[in-house]
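This report refers to the structure that appears directly beneath it.
Coordinate-derived values only; no laboratory data. Model, not experiment: these values are computed from the prediction. Ideal geometry is used to build each Cβ from the backbone, glycine not excepted, and the neighbour counts take in all protein chains shown.
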Amino acid sequence: MKGFKDFVMRGNLVELAVAFVIGASFATVVTSFTKMFMDIIGKVGKSPSFSDYTPKGIHVGAFITALIAFLILAAVVYFFVVKPYEAIKARYSKGEEDAAPDESVVVLKEIRDSLRARG
């Protein structure tokens with residue numbers, strides 16, 4: 001049982017569970033936003049849904065709806081998740097570059113330099 005408890009309490013698993021819950025909630029928000037946006041597009045195009053659109057008997061409406069929903073989802077994820085993440089990552093990585101190297105790295109470099117000097 002101790003091994004199972006250690007596995008469950010491991011940091012990565014907890015972070016993954018939190019990410020899953022937040023992701024599910026975020027998916028609901030994006031789905032609602034997409035539905036609202038599709039209604040707006042439908043009002044402009046005088047049709048509440050593209051799903052019934054069948055030019056010359058070809059059912060392309062569902063594809064058009066799915067494509068627009070995908071583009072909206074991709075834009076929301078890019079502008080509200082990816083861009084802020086990159087900005088935060090860039091801000092914190094600048095601080096790491098200025099930090100002193102780890103002591104083990106310094107020792108390994110000294111060993112390397114002394115081996116080069118002997119050889």
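Here is how the numbers come out for the structure above:
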quantity	calculated
Percent RCO, i.e. relative contact order, over region 2-118, from Cα pairs under 8 Å lying at least 6 residues apart	13
CD proxy at 222 nm, helix term only [per DSSP H run n ≥ 4: -39500 (n - 2.57); per residue of the chain; nearest 500]	-26000 deg cm²/dmol
Note, ³J(HN,Hα) from phi for region 69-80, Karplus 6.51, -1.76, 1.60, rounded to Hz, x at Gly and Pro	4, 5, 5, 5, 4, 4, 5, 5, 4, 5, 7, 10
Relative contact order of region 24-82, defined on C-alpha pairs under 8 angstrom at six or more residues apart (%)	27
Listed residue (Val44, Val105, Leu71) projecting farthest to the positive dipole end of the chain, Cβ model	Val44
For the chain: lysine pairs under 30 Å (alpha-carbon distance), excluding those fewer than 8 apart on one chain	9
Total charge dipole magnitude, region 2-118, about the Cα centre, Cβ charges on Lys, Arg, Asp, Glu only, Debye to nearest 20	320
Against the rule of thumb 2.2 N^0.38 Å, how large the Cα Rg of the chain comes out	1.93
